[in-house]
Amino acid sequence: MGDKPVWEPIGSSFNQHYYQLFDNDRTQLGAIYIDASCLTWEVRQFQGKAAAVEKLSSLPFQKIQNSLRAQDHQPTPDSCIIGVVVGQLKADEDPIKGFHQMFLLKNINDGFCANDMFRFALHNFG
C-alpha cells in the first residue's frame, strides 16, 4: 500500500495530543478549541471555548486514562477533517467504559477543533 492520505496523520496527531491533555490536565484543552467551538457531552451541548473547557475540567474524576482502539479520519469539501474515535476509559476506581468521540478539525487562528461530540458506548436494550 502507498502512503497514507495527508488527513490521516493530522487526525492521528490531533487525537494523540487531545487525549494526552485530557488525561493529564483538562484545563489545557482551551488551546485546541476555537471561540465558536461546540461540545456535545452525553447529550448536553456547550457552545464556545470557555464553556467546553469548563465542562471538561469539571468532570467528576481525579484520575483518567484513555485507550484508543480505533480511529478514522476523512477530509471534508471545505478543507476540514472529521475524525471518529472508538476507545475505552478508566476513571478513578470505576470499571472501564467504552466511548465514541467525533471531532471536526478546522485550522482557525486561535485553535483547530470546531466540533467535539462524546458519548459513552453503553447499551440499554431493555
Practice task
State yes or no: is Arg119 of a type outside the set (A, V, I, L, M), open to solvent by 90 Å² or more (accessible area, probe 1.4 Å) and under 16 Å from Phe14 (Cα atoms)?
Solution key: no
Handout entry: Output for the range 53-67, where each listed residue is open to solvent by 70 Å² or more (accessible area, probe 1.4 Å), among the polar types (S, T, N, Q) and touching a residue at least 12 places away in the same chain (Cβ under 8 Å)
Key = Gln62, Gln65
Problem - Set Ala70, Ala50: member being open to solvent by 40 Å² or more (accessible area, probe 1.4 Å), of a type in the set (A, V, I, L, M, F, W, C) and in a helix (DSSP H, G or I) - result: Ala50
Practice task
Just need a number here: residues in the range 78-91 that are open to solvent by 50 Å² or more (accessible area, probe 1.4 Å) and either farther than 20 Å from Asp35 by Cα or not in a strand (DSSP E or B) (or both).
Solution key: 6
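Would you confirm whether or not the range 10-33 contains a residue that is assigned to a strand (DSSP E or B) and under 14 Å from the mean Cα position of the chain (by Cα)?
Within the range 10-33, one or more residues are assigned to a strand (DSSP E or B) and under 14 Å from the mean Cα position of the chain (by Cα).
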Fill in the blank from the handout: Note: among Asp78, Asp3, just one is under 19 Å from Asp110 (Cβ atoms) and among the charged types (D, E, K, R), namely Asp78
Exercise for the section: Inspect all residues belonging to the range 101-115 and state whether any of them is over 30 Å from Pro5 (Cα atoms) and exposed (fewer than 13 other Cβ atoms within 10 Å of the Cβ). Expected result: no
Exercise for the section: Return the residue satisfying two criteria in turn: it lies in the range 34-44 and is more than 17 Å from Asp110 (Cβ to Cβ) and within 14 Å of the chain's Cα centre (by Cα), and of such residues it is most open to solvent (accessible area, probe 1.4 Å). Expected result: Glu42
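The values are calculated or read from the model by the stated rules, or taken from the named source; none is laboratory data. Just so you know, these numbers come straight off a predicted model, no measurement behind them. Heads up, the Cβs are rebuilt from the backbone with ideal geometry, glycines too, and the neighbour counts pull from every protein chain shown. Ligands, DNA and RNA are stripped out before the accessible areas are found, and what is left, the full protein with its side chains, is counted by its heavy atoms. Shrake-Rupley method; radii C 1.70, N 1.55, O 1.52, S 1.80 Å.
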